[in-house]
Structures are given as C-alpha cells and as structure tokens.
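Below: one structure, written as structure tokens.
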Amino acid sequence: RLIDANAGWFHVVASTSGATGPARAANIRVWINGTDRTSNLQRWWAGWGINTTFAKIGGRRDNPADTTTHSGAQDEVAIWLDRVLSDAEARSLWAAAAPPPVSLLSIVRAPDGSAVTLTIKSKAGRTYAVEYSTEMTPAGQPGGWMELTDSLVSEGDQTIFVDSTASNLPSAFYRVRDVTP
C-alpha cells in the first residue's frame, strides 16, 4: 500500500544506530502507523545501502533527479541523533499524529420527534459522512445504511449534525465516518 497513490498518507518512523554503516544497517527498525514492521523488511539484491556518510531523506544519492529520490510529499520530519527510538516512543509519535477515531457523543431526539441532533467527537480540518439505518447490521456487513451527508465539515473538537428527516422513523441507528480526502 505504500506505493499506491490512493492509499492516503502514512506515518513512518525509521530508527537505527551504530558506529559503522554495516552496524547501522544491521539494526534498522521501522514502524508504520504505530506498528513495528521491521520483520516485514526484505533485503534488496543490492543490500541496504550502508554508505551513510551522506544522509538524505527521500533518496540515497546526491543527484535529486536520481531514481532513488522520493517523488511524494514529506511533512513534519524529525531526526533523533545517536539513539534508537523505543517501541513506546514510536507508538506515541503515531498517537500524536493520527486523527482520533470519530465517535458519537450523544444522540438526542427533539421532544416533538421532528429531528435528531447528533453531537460528534471530531477533529478540526476533517470531513465526515453521516449515515442512518432502521436496522442494526454488524460492522462490515451490507445493510440498510442510508447516507445523510458525506460533506459534514468539522466544527473543531465537537461537531453538531441535525437529522430533520428522522421525524417519520420509530427508531434509527447512526454511524459517522471520517471521509477526509
């Protein structure tokens, strides 16, 4: 998925230490989205590239047009010198960067039944889809979910959505998904 343009962004932490190139190549650790993926690394036929006298984020050679140069976006780069990050440190970096899971804080039906007000735990800069169903279906199962909106823009830590179509429903289930592009 790292090379799939539709996969979104990834939080990557790579860590190594050692006095020599071979020593650094021997103890490299990689976490992706807070999960240690070191065991997934595979040596390429040309090796890890142990000449680390010239450090470059996004490529292995001086020439910016070289085929090893990263062509995607990089943001918020941090470098720790002379130490390997611990699992807890790598996970805490992911926790700080990852959008919080969206959740419903409250669902309140108007006394006259004319509308339902949803209070959503949200994060600034995110966009949400709100759906409802008259029957509860297990996660991942097809069901009678109907979209109310797919463009609810966050209002900050909490976002309010009013469903005025619920007046003729005896009961309804709601779910909210982060659909930020």
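Of the residues making up segment 117-126, those that are farther than 8 Å from Asp157 by Cα and crowded, with 16+ Cβ neighbours inside 10 Å are Leu118, Ile120, Arg126. Scanning segment 105-122 for residues that are among the acidic types (Asp, Glu) and under 10 Å from Phe161 (Cα atoms) turns up nothing. Restricting attention to segment 141-160, the residues being under 22 Å from Lys121 (Cα atoms) and modelled with pLDDT under 85 number 1.
Yes or no, residue by residue, for (1) touching a strand residue (DSSP E or B) at 6+ places or on another chain (Cβ under 9 Å); (2) modelled with pLDDT of 70 or more; (3) open to solvent by 80 Å² or more (accessible area, probe 1.4 Å); (4) in a loop (DSSP other than H, G, I, E, B):
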| residue | (1), (2), (3), (4) |
| --- | --- |
| Ala7 | no, no, no, yes |
| Pro22 | no, yes, no, no |
| Trp45 | no, no, yes, yes |
| Gly49 | no, no, no, yes |
| Gly72 | no, no, no, yes |
| Asp75 | no, no, yes, yes |
| Pro99 | yes, no, no, yes |
| Leu104 | yes, yes, no, no |
| Asp112 | no, yes, yes, yes |
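With the requirement that a residue be among the β-branched types (Val, Ile, Thr) and either assigned to a loop (DSSP other than H, G, I, E, B) or without any contact (Cβ under 8 Å) to a residue 12 or more places away in the chain (or both), what does segment 141-181 give you?
Answer for segment 141-181, where residues must be among the β-branched types (Val, Ile, Thr) and either assigned to a loop (DSSP other than H, G, I, E, B) or without any contact (Cβ under 8 Å) to a residue 12 or more places away in the chain (or both): Thr165, Val179, Thr180.
The values are calculated or read from the model by the stated rules, or taken from the named source; none is laboratory data. Owing to the predicted nature of the structure, the values given are computational and were not obtained by experimental measurement. Note that we place each Cβ from the backbone using ideal geometry, even for glycine, and neighbour counts take in every protein chain shown. Quick note on the areas: whole protein, heavy atoms, side chains included, nothing else; ligands and nucleic acids left out. Shrake-Rupley method; radii C 1.70, N 1.55, O 1.52, S 1.80 Å.
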